[in-house]
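The values are calculated or read from the model by the stated rules, or taken from the named source; none is laboratory data. Note that the coordinates shown come from a computational prediction; the quantities given were computed from them, not determined experimentally. Here the Cβ is made from the backbone with ideal geometry for all residues, glycine too, and neighbour counts use every protein chain on show. Surface accessibility is based on the protein's heavy atoms, side chains included, excluding ligands, DNA and RNA. Shrake-Rupley method; radii C 1.70, N 1.55, O 1.52, S 1.80 Å.
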Amino acid sequence: VEIYSLHVDCKVTSRFAHTVITSRIVNRANESREATFEVELPTTAFITNFSMSIDGKVYPGIIKEKAAAQKEYDKAVSQGQSAGLVKITDRKLEQFRVSVSIAAASKVTFELTYEELLKRLLGKYELLIKVQPKQLVKHFQIDVHIFEPQGINFLETDSTFMTNELTEALTKVQNETKAHILFKPTIDQQKINSELDETLLNGDFLVCYDVKREATAGDIQIVNGYFVHYFAPQEMPVFPKNVIFVIDRSGSMTGRKIEQTRDALLKILQDLRPEDHFSFITFNNKVVEWKSSLLPATEENVASATAFMQTLTASGGTDINGALLAAVSMLDKDEGLPEHSISMIILLTDGQPTSGEKNVEVIQKNIQKTINGKYALFCLGFGFDVSYKFLEKMALSNGGIARRIYENADAALQLQGFYQEVATPILMQIEMQYPENATEGLTKNNFKLFFEGSEIIVSGKISNELDLLPVEIKAQSHMSDLTLKEEAKVKEKEQVFQNQRYIFGNFIERLWAYLTIQQLLEKAISAQEEDQKALEAQALDLSLRYSFVTSLTSMVVTKPSDQQQEELANKPTEAG
């Protein structure tokens, strides 16, 4: 079975990426063989379409509500069917796999489409394409078109498998607002060496870029009655922060995990700003405060903390409740913290609560009640023995986020990377305001904190008659209260995309649906049960209307009638 053509075609329009992967396979044997299409796609993406055509007949994938799809699938399972298809394989990727039996000399074409909104992290957007053909491919190409009306500030490509020969197959063309990247290696360029028919193409192909920004109230784009508003101020004074690191040193952290935690914390200590305050609480079944209050990050205090870190060892149980309550209480009691500063608690744990309060729902309630909106809680789950759902709900209920830290060689770098994302808060209490009578379906438009290097995105529908869309942003910076105003001329804005040939017409509407679904699902995590059902019902409705495979929908893949009838593609969740 030979893959004779593999094309990855990606169009990014104003951060919204639409990727189509087409694989053409021929069976050169003189009997029927199984052809497999296997793709890894970013976990943040939603699959929107899949089809296979065998000898000219098309078999589409149909997106349905999960239970309905399961029912249909169960009917087919009774005929000896293989199970679901999409699963998380790595920290940024999940796998989609489908196989079909094709007759001698027959051809099959697989086509998968997925979409995602690229998220700005540490000052750049990252488009990740996983490349794993597992064989030499006669016609192989990755074709990326980027159009950013704000202008492209910088653009770079990176790859885990590039060689000097392969670099020759890569071309980049760029002007003020557009970039085109083409990677088209010949069969000879793909080979590990000329004797072996083995491919070099195995790994990540990355495109990283950022856009130009004027020092105003962000950038508004409008297409077909939907708008998106991007806001990412830069070069603003940084709020001093008060950070308590709450570190699990229970028995399961022994060995490599505690060493990696120590390495990361030693680097993070070096990154603290002199105006920051910090402290550590370590816990197993006992909760130990390094100092009774937070200390300014002077050279002397950082050196003392570094010495303390070196003595960190792991044993005993896990009292998450006690440790977090101690952190909140330390922040509550501390009167020496700078005015106009931001307080946060960063919890790192690798397990379930086994000491003190063990009921996760009680812990969640305790923490939410004592934090009471005053501080942000970030929860890092180390490895796969943690109850990620519990950590995620706790973080989202207290103005923070949760992240899984994978037990790989680079765990210390993952921890540091997370810290860098939250290290420079520059705005708080951000309100993005739009005229109520002229907009509807707004995505989230109030944000507690804004960190340098990230981006706030708000999207919604505007009424038909609107000529001007006024926006107003209110926020607190370290020095003052800000009010920024902007007016977007609707007709003028719509003109921008009119003559771009590779833009799918309703991309802002799809971006709006993507963002709305992501936010509804996130909101459902920390909502009460009744609200949760309502939020999920809304998200399901949008997933079906815009045909996205989300955690509430599945894709049923039909096959030729002489084979196992169908397969099911589900979107996995980090918590699942």
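Okay, here's what the table says:
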| quantity | calculated |
| --- | --- |
| Unmet criterion (only one of (1) in contact with a strand residue (DSSP E or B) (Cβ under 9 Å, 6 or more places away or on another chain); (2) at pLDDT below 95) for residue 267 | (1) |
| Single residue of the range 358-387 satisfying the filter (among the hydrophobic types (A, V, I, L, M, F, W, C) and surrounded by fewer than 17 Cβ atoms within 10 Å (Cβ to Cβ)) that is farthest from residue 247 (Cα to Cα) | 362 |
| Residue list for the range 452-467, restricted to those being closer than 30 Å to residue 235 by Cα, open to solvent by less than 40 Å² (accessible area, probe 1.4 Å) and assigned to a loop (DSSP other than H, G, I, E, B) | 453, 454, 455 |
| Within the range 276-324, considering residues that are in contact with a His (Cβ under 9 Å, 6 or more places away or on another chain) and touching a residue at least 24 places away in the same chain (Cβ under 8 Å), the one surrounded by the fewest Cβ atoms within 10 Å (Cβ to Cβ) | 293 |
| Looking only at the range 453-466, and only at residues there that are at pLDDT 95 or above and of a type outside the set (A, V, I, L, M, F, W, C), the one that is farthest from the chain's Cα centre (by Cα) | 461 |
| Extreme residue, least open to solvent (accessible area, probe 1.4 Å), among residues of the range 416-451 that are over 18 Å from residue 523 (Cα atoms), in a strand (DSSP E or B) and among the aromatic types (Phe, Trp, Tyr) | 450 |
| Enumeration of residues in the range 234-280 that are of a type in the set (S, T, N, Q) and in contact with an Asp or Glu (Cβ under 9 Å, 6 or more places away or on another chain) | 234, 242, 250, 252, 260, 261, 279 |
| Matching entry among 282, 254 (being farther than 19 Å from residue 456 by Cα and out of contact with any helix residue (DSSP H, G or I) (no Cβ under 9 Å at 6 or more places or on another chain)) | 254 |
| Test: residue in the range 233-250 that is assigned by the TED database to the domain that holds residue 308, surrounded by 19 or more Cβ atoms within 10 Å (Cβ to Cβ), touching a helix residue (DSSP H, G or I) at 6+ places or on another chain (Cβ under 6 Å) and polar (S, T, N, Q) | no |
| Residue within the range 358-375 that is out of contact with any His (no Cβ under 8 Å at 6 or more places or on another chain) and touching a residue at least 60 places away in the same chain (Cβ under 8 Å) present | no |
| Qualifying positions in the range 298-330 - farther than 23 Å from residue 365 by Cα and touching a helix residue (DSSP H, G or I) at 6+ places or on another chain (Cβ under 8 Å) | 302, 305, 306, 309, 310, 312, 313, 314, 315, 316 |
| Selection count, the range 386-411, where residues are free of Cβ contacts under 8 Å to residues at least 60 places away in the same chain and either part of a loop (DSSP other than H, G, I, E, B) or charged (D, E, K, R) (or both) | 10 |
| Yes/no for residue 390 being surrounded by fewer than 21 Cβ atoms within 10 Å (Cβ to Cβ) and of a type in the set (Phe, Trp, Tyr) | no |
| Residues of the range 10-28 classified as of a type outside the set (Phe, Trp, Tyr), outside any loop (DSSP other than H, G, I, E, B) and within 20 Å of the chain's Cα centre (by Cα), total | 8 |
| The range 115-157, subset open to solvent by less than 30 Å² (accessible area, probe 1.4 Å) and either of a type in the set (Val, Ile, Thr) or not assigned by the TED database to the domain that holds residue 198 (or both), residue nearest to residue 424 (Cα to Cα) | 152 |
| Any helices (runs of 4 or more DSSP H) falling wholly within the range 256-341 and containing at least 2 residues that are of a type in the set (Gly, Ala, Ser) | 299-310, 320-333 |
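For (1) at pLDDT 95 or above; (2) farther than 30 Å from residue 385 by Cβ, each residue gets a yes or a no:
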residue: 169; (1), (2): yes, yes
residue: 196; (1), (2): no, yes
residue: 210; (1), (2): yes, yes
residue: 215; (1), (2): no, yes
residue: 223; (1), (2): no, yes
residue: 240; (1), (2): yes, yes
residue: 250; (1), (2): yes, no
residue: 277; (1), (2): yes, yes
residue: 281; (1), (2): yes, no
